[in-house]
1. Collect the residues in the range A:32-56 that are within 7 Å of chain B (Cβ to nearest Cβ) and touching a residue at least 40 places away in the same chain (Cβ under 8 Å), keeping them in residue-number order.
2. Check C:Met205, C:Met239, C:Met214 and return the single one that is part of a helix (DSSP H, G or I), among the hydrophobic types (A, V, I, L, M, F, W, C) and in contact (Cβ under 8 Å) with a residue 24 or more places away in the chain.
3. Just checking, which of A:Ala112, A:Ala170, A:Ala147, A:Ala159 is within 11 Å of chain B (Cβ to nearest Cβ), aliphatic (A, V, I, L, M) and not in a loop (DSSP other than H, G, I, E, B)?
4. Residue under question is C:Leu38, and the condition is that it be more than 17 Å from the chain's Cα centre (by Cα) and at pLDDT 90 or above; does it hold?
5. Do the conditions hold for B:Trp194, that is, is it surrounded by fewer than 18 Cβ atoms within 10 Å (Cβ to Cβ), part of a helix (DSSP H, G or I) and modelled with pLDDT of 90 or more?
6. Give the range A:227-245 a look and list any residue that's surrounded by 20 or more Cβ atoms within 10 Å (Cβ to Cβ) and either within 17 Å of the chain's Cα centre (by Cα) or basic (Lys, Arg) (or both), or say none.
7. If A:Pro60 passes every condition in (1) buried (at least 18 other Cβ atoms within 10 Å of the Cβ); (2) more than 11 Å from chain B (Cβ to nearest Cβ) but one, which one does it miss?
Amino acid sequence: MAARTGSNRLAFAPNWPARAAWLAFFVYVAYAASRLELTPARFITGLDHGARFLSRLFPPDFQRWELLLKGMLESLQIAVLASALGVLISAPLALLAARNLMPAWVSWPSRAVMVLCRTFHPVIVAILFVKAVGFGALAGILALTVASVGFLGKLMTEAIEEISLKQVEAVRATGAPFMSVVTYAVAPQVFSRFVGFVSYETDANLRNSTMVGIVGAGGIGGTLFAAFQRFDYDFVCAIVLTIIALIMAGEVLTLRIKKSFGL
Amino acid sequence: MRTWQRFTLAERMARFTVYFAVIAAIAASLQTVQVIPEFIADAPEQVADMLRRMWPVAWGFYPQGVHEALMESLHIASLGTVLAVLMAVPVAFLAARNVTPFAWLNYLAKLILVSARSVNTLIWALLFVAVFGPGALAGTLAIAFHSIGFTGKLLGEALEEANRGSIEALQASGAPWLSLALKGYWPQVRPAFWGIVLFRWDINVRESAVLGFVGAGGVGMALDTALNLFQWERAAMILVAIFVVVLVAEVATTQLRKRIL
Amino acid sequence: MTPIAAAEPAVASHRGAGAPALIVKGLSKEYVPGKPVLRGIDLEFAPRGITAVIGPSGTGKSTLIRCINRLVEPTSGQVIFEDRDLVAMNRAELRAARRRIGMVFQEYNLVERLTVMENLLCGRLGYVSPLKAWLRRYPQRDVERAFDLLETVGLAAHARTRADALSGGQRQRVGIARAMMQEPRLLLADEPTSSLDPKTSVEIMALMQTLSGMHGFPVIINIHNVELARRFADRIVGMTGGRVVFDGVPEAITDEHLKSIYGGEDWLE
């Protein structure tokens, strides 16, 4: 409470925990910056290189547009197939992982699988698949499928665990088999949320498919990396611009699809 | 006879088009993707083989080979997130229609945000390595520039959902624009802001692990080396280390998010 | 529905001493072209006293109030306050003028997540630089004034309470105190009691009456509860269809007037 004597009443109580946290934060930033050798000097020399680099980027060179198109198409294929496979695997897996529908010895391993799929960055998973099954789109598709299962699985499981069990009980009470229970009691409640998740994940896969190629898993990323190594920066610029356009188009499309499902 | 339909004709046609397009896309991709069938059949065998070679995990490798690099990745993720937030806040304020009433500024800000997040962290890393040379500086900037896109977008959306009445009251008292932003909008979006920051940091911890593959610092470089030299047990050690760090980060952010809400 | 053409002769004859504090001339507002919500309103407000604006919903009462401080931009007309036309001002001048006009809202319009004290100090945002405001470095004089105001409105114990933890009546008192922090020369109130229960409504109206008497500024209230208007206002302005159809002391308003303002008889029973 504020002191009421004289003319020195405080409007705000000093918030010591918050101040301590801010102090710790600034100390950390200074420490980390020094560990990473992020000095202003390096940054400034870099800016000079940056200016020169920018001039080498522009104007973008679209001469090799066939190569560009081929790479983009492959990325699209990877994204589409990975999303499709991801949905096919996640939906039943999410059902198995739902703690309100399944016993613990079924749901916990399923959840563990999904967590494992999610932990590693798609690029890491892509590299592992490249080492396992060789260069090319297959590694990319498998890697992004794993990533999709991880994220879609988690989101879907949460949605299933939030449904009203009354409808499930009602259908069960009629003696319907399990799959019917799923179709008539579970699915309708989660369908529109699923559509939202799938569009989100397809968008994410589209983004990821543009870069798994950097490690040899197919798609435009490979073309980009090769151009980089050849110092063909004009072509690099063309590729990056196309990627931006593709992903922007993807975002717009995803929004439209969600709208047509009334989301 | 009066009928009732859940969706109008237009809505049904739209949904039908979507279903059709999805099936068509999948079919087209299946036909044209260049994947050799034998490889697909072989794949499970190959993956199992690789996993077998990763065992036993080279635990002893951690102190000299992994720890430094792992810490470096964490610092890159943290500093990158801080930098991203600093850059994203003003852009988010410019992008929110209710905060900045000039449409052209809204569009410009939203364009910046969309472009930033359309370019993957890894691609940003490639660009920054070309400019600043290999190392953590390129990595930090790559994380920062990619994160602006999502942080700014989410923050802008939070701003657009703020209660306009409070703002109207401050306007009526003659407050300048900056005071409106700081004392009217900011207190309302603060919890959302911290949630967004934590969420982004968690994702960046994952992202920072792969920057090393293009030379932008962190544990990715160690992993790349180990894999290229076919040192599977060491690679496994690195993967375990990454797993632990990501798990800890996710638990930490979940706990912190509970406390701010 | 034809408005009453002849208002009673007991028209606003309570002009206070001195020049009017606010003059509204020919104020018109069309949200949709061709459908005016305000049709050339002419009013003068004395430097003291409470004026209640009554009328059915959608008749432009709220628009009138909001046109005065240009929260809604008038289509045409003048609003003369402290010898200057508010409508003709640019944004910077308008901001300066708004500092002298306090406003109280139906939904209180507090910043919910801030404390009562911080909400009060927000009333000084027109006078304090944004940086100082953000760092919470308000002049001690303002802080003292805030504490005094809190005591006046009876909320001294809640200085550090968050606004969203208060009841409706308490929040409106904070809203009034915040407006008072501006040391206003005019107080506008847009349906300040519409979200409150009857007892609290009376308390709020009484508070505004007390403060206006203590500090000597006029109050213009947009209200739809005629009883409250009769009880607390020194002058009643009745509007219908975008025009003023009654302007006089509360004693002069009869059922006839009310019928023509609001239409129909049933609600009068």
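1. Selection gives A:Phe53 alone.
2. Within the list C:Met205, C:Met239, C:Met214, the selection yields C:Met205.
3. Just one listed residue meets the conditions, A:Ala147.
4. Yes; evaluated as a whole, the condition is true for this residue.
5. Yes.
6. A:Ile243
7. (1)
Yes/no per residue for (1) farther than 19 Å from A:Leu96 by Cβ; (2) over 22 Å from the mean Cα position of the chain (by Cα); (3) not acidic (Asp, Glu):
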| position | (1), (2), (3) |
| --- | --- |
| A:Val146 | no, no, yes |
| A:Ala173 | yes, yes, yes |
| A:Arg193 | no, no, yes |
| A:Leu224 | yes, no, yes |
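The values are calculated or read from the model by the stated rules, or taken from the named source; none is laboratory data. Values in this document were obtained by computation on a predicted structure and should not be read as measured data. Positions of Cβ are generated from backbone atoms using ideal geometry, with glycine treated the same way; all protein chains shown enter the neighbour counts.
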